[in-house]
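Report on the structure given below.
The values are calculated or read from the model by the stated rules, or taken from the named source; none is laboratory data. Everything quoted here is computed from the prediction, not taken from an experiment. When we count neighbours, we look across all protein chains shown, and the Cβ atoms used for this are built from the backbone with ideal geometry, even at glycine. Calculation scope for accessible area: heavy atoms of the full protein, side chains included, ligands and nucleic acids excluded. Shrake-Rupley method; radii C 1.70, N 1.55, O 1.52, S 1.80 Å.
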Amino acid sequence: MSAMDVPAGRHADVNAPVDAPPAEGPPTGRTAVPATQWISWVALAMMTTSSVASLRAAPTMAVYGLACVFLYLVPAIVFLLPTSLVSAELASGYKGGIFNWVSRGISKPMGFLAVWCQFAMTIFYYPSLLGFVASTLAYVINPALATSGVWTACVIVVVYWSGVWVSSRGTSGVAGLASGGLIIGTLIPGALLVLLGVVFLGQGNESAAPMDADHLLPAWAGLASLVLIVNNFLSYSGMEMNAVHVGSLKNPAREFPRAMFLAMAMVLVIFILPALVISWIVPAEELSLTAGVMQAFDRVLAVFGMQALTPVLGIMLVAASLGGMLTWLAGPSKGLLLISRQEGYLPPFLQRLNKHGVQQNILVTQGVVTTVIALGYALIPDVSSAYWIFSVITTQVYLIMYLLMFVAAVRLRRLEPDHPRGYRAPMLVGLCGVGFAASLAALLVGFIPPSQFGGGSTWTYLLIVGGGALGLGLLVPFLFYRMRKPSWRQPDAVDEEVA
C-alpha cells in the first residue's frame, strides 16, 4: 500500500470520540482479550502485509534499476519501523485513534489537524490511484490511451463519482472486494511478473537496467536525484491503522516486533522484486509511472506469445485498486465526521447523513474538489508528471499527521509514564526522533522537482505542490477551526453513531 490498495476494515474505527475511555489494561504487556480472539504474530504480519503491499508503486522505483533496493530499504528502516512500533504503543494504551493520541499528547486543535490530514490526503490520493487505474484500463482497450491526459481525467471523474454513488448507498460487499485485492491484484500478477522476468533473463535476454555493484546506489545529481524516495514513504504509510491489533496478541512485547519485522520482509519482497523485473524489461527512459506495470507485462508476455493475457491482468489490477478506493471512501471521512460532531469542527451541512446513514455531503464535497484536481491530468502535458505531483502532495499531507504523532508519543510517555500500555516501544524517544527527522526530511524534499522531470518550470511545480500540500493540509483546517461555532457540536449524534 502500498497504502493505496487497502483491505476493508482498515479505517472502520479510525477515530472514536476523544472522550472514549482509554484502553486500561494490566501493565504486564497483555490486554484483556478473550482467548477466542487471540491472533498469532504471523497472522498479524500477514494482515499488515496485505494492507501495505501493492504493485502500483513499482514503476516509480523501477526507473532506478538495482538502486531501488536501497531506496526501499532506507524508508523501511527510518520510517516504517518507527511508525509501526510507536503507533503500537499508542494504540495499546489509548483508544480513539490519531485524534485522541494527538489531543492528549499535544492539544485538541492539533488532534483535529492530525485527523484532518488523515482525511485530506485522500483527496489527492484518488486522482493518483485512479490515474493508475486509467493507464491500466487503457491496456485493456487501447494502449495509446495510457498517455492521454483527457482519457485519464475522464476515467477519474467517472469512476470516482460511481464510487461515491456506491458508498452513499451503504452497499455491503465492498469488504470482500477490497480484501480480495491483495490476492487478485497483487500476489498473482506480482508472482507471474517475477516468474516471467526470471525466465526472460534466463533465456539470455539482456537487462534494460545494469545489474552490477556500481549501480547499487542511485546516481547523485544533487537533491533532485533523491526526490523519488518520497513516494516510498506513502507506500509504507498507514501503519497506525494496523497498530490497533496489538491488543489481540498474547504477548505484545515479544510478538509485535516479530510481526513487524516479518511484515517488513514480506513487503520489501513484494515491492522490490516486481520493480527489479520491470527495470529488466522496460528501459527507464520509456517507463510510464502510471502504466509501467502494464508496459512490463505487455512486453514480457509478447516474448512468450502470451500477450492475450495482458487485458486479463489489467482487469485484475483495476479490480483490486477499485476495491481499495471504495474502502478509503468510507473510512477516513467517517472518522472526521464523528470527531466533528463531537467537537464542532465542521459546519452542520457536512455533518448530515443520508437515509442510509452515510456521510454523503462530505463525500460529494470531496468529489467536487477531486474532480477539479483530476482536470490536472488534462492540463499537465505529461501524465507521469501529473501522477507524480499528486502522489507527492498526498505524501506531504499525510506526513504532517506523522510529525504530530511522533511528538504526541514522546509527550505522552513523559506526561503519563504510568498509564497502562499493552506494549511499550523500546527506545521510544530515539524511535520518534528518527521517525520525525525522516518524515520532515521527506516532506521538505518533496518540494524539490525530481531530476526525472527537469523539463518543466520549477516555480510551477512549487506552486502546485506547495499550494496543494500546505493549502489543503494546513490552511483549510485552520479556517474550519477559526470559524467553528458552538452550534456545530452534536455530541448526542455521536452517541447514536457509536451505539
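Things to note:
- Checking each residue in the stretch 164-204 for being of a type outside the set (Phe, Trp, Tyr), modelled with pLDDT of 85 or more, open to solvent by less than 50 Å² (accessible area, probe 1.4 Å) and farther than 17 Å from ILE315 by Cβ picks out VAL164, VAL194, LEU196, GLY197.
- Residue, nearest to the chain's Cα centre (by Cα), within the stretch 57-70, restricted to residues that are under 22 Å from PRO189 (Cβ atoms) and open to solvent by less than 10 Å² (accessible area, probe 1.4 Å): ALA57
- If you go through the stretch 421-432 and keep only what is in a loop (DSSP other than H, G, I, E, B), at negative phi and open to solvent by 30 Å² or more (accessible area, probe 1.4 Å), you end up with ARG424, PRO426.
- Output for the stretch 379-388, where each listed residue is buried (at least 24 other Cβ atoms within 10 Å of the Cβ) and either of a type in the set (A, V, I, L, M) or over 12 Å from ILE464 (Cα atoms) (or both): VAL383, ALA386, TYR387
- You will find that of GLY335, GLY305, GLY324, the residue that is at positive phi and either part of a helix (DSSP H, G or I) or free of Cβ contacts under 8 Å to residues at least 24 places away in the same chain (or both) is GLY305 and no other.
- Verdict on VAL133 being over 30 Å from LEU479 (Cβ atoms), open to solvent by 10 Å² or more (accessible area, probe 1.4 Å) and assigned to a helix (DSSP H, G or I): no
- Condition met for VAL364 (farther than 21 Å from SER135 by Cα, open to solvent by 30 Å² or more (accessible area, probe 1.4 Å) and among the aliphatic types (A, V, I, L, M)): yes
- Any chance VAL102 is at pLDDT 90 or above, open to solvent by 10 Å² or more (accessible area, probe 1.4 Å) and in a helix (DSSP H, G or I): no
- Contacts under 8 angstrom Cβ, first residue in the stretch 139-154 being under 17 Å from GLY376 (Cβ atoms), partner surrounded by fewer than 17 Cβ atoms within 10 Å (Cβ to Cβ) and of a type outside the set (A, V, I, L, M), 6 or more apart: GLY149/PRO381
- When each of LEU137, LEU55, LEU66 is tested for being at pLDDT 90 or above and touching a Ser or Thr at 6+ places or on another chain (Cβ under 9 Å), the lone residue that passes is LEU66.
- Test: residue in the stretch 274-297 that is open to solvent by 10 Å² or more (accessible area, probe 1.4 Å), closer than 22 Å to THR49 by Cα and assigned to a helix (DSSP H, G or I): yes
- Any hit, the stretch 338-347, residues being in contact (Cβ under 8 Å) with a residue 24 or more places away in the chain, open to solvent by less than 10 Å² (accessible area, probe 1.4 Å), part of a loop (DSSP other than H, G, I, E, B) and on the phi > 0 side of the Ramachandran plot: yes
- Of the set (1) at pLDDT below 65; (2) open to solvent by less than 60 Å² (accessible area, probe 1.4 Å); (3) more than 18 Å from VAL63 (Cα to Cα), all apply to LEU228 but (3).
- Residue among PHE271, PHE304 that is among the aromatic types (Phe, Trp, Tyr), open to solvent by less than 30 Å² (accessible area, probe 1.4 Å) and farther than 21 Å from ALA144 by Cα: PHE271
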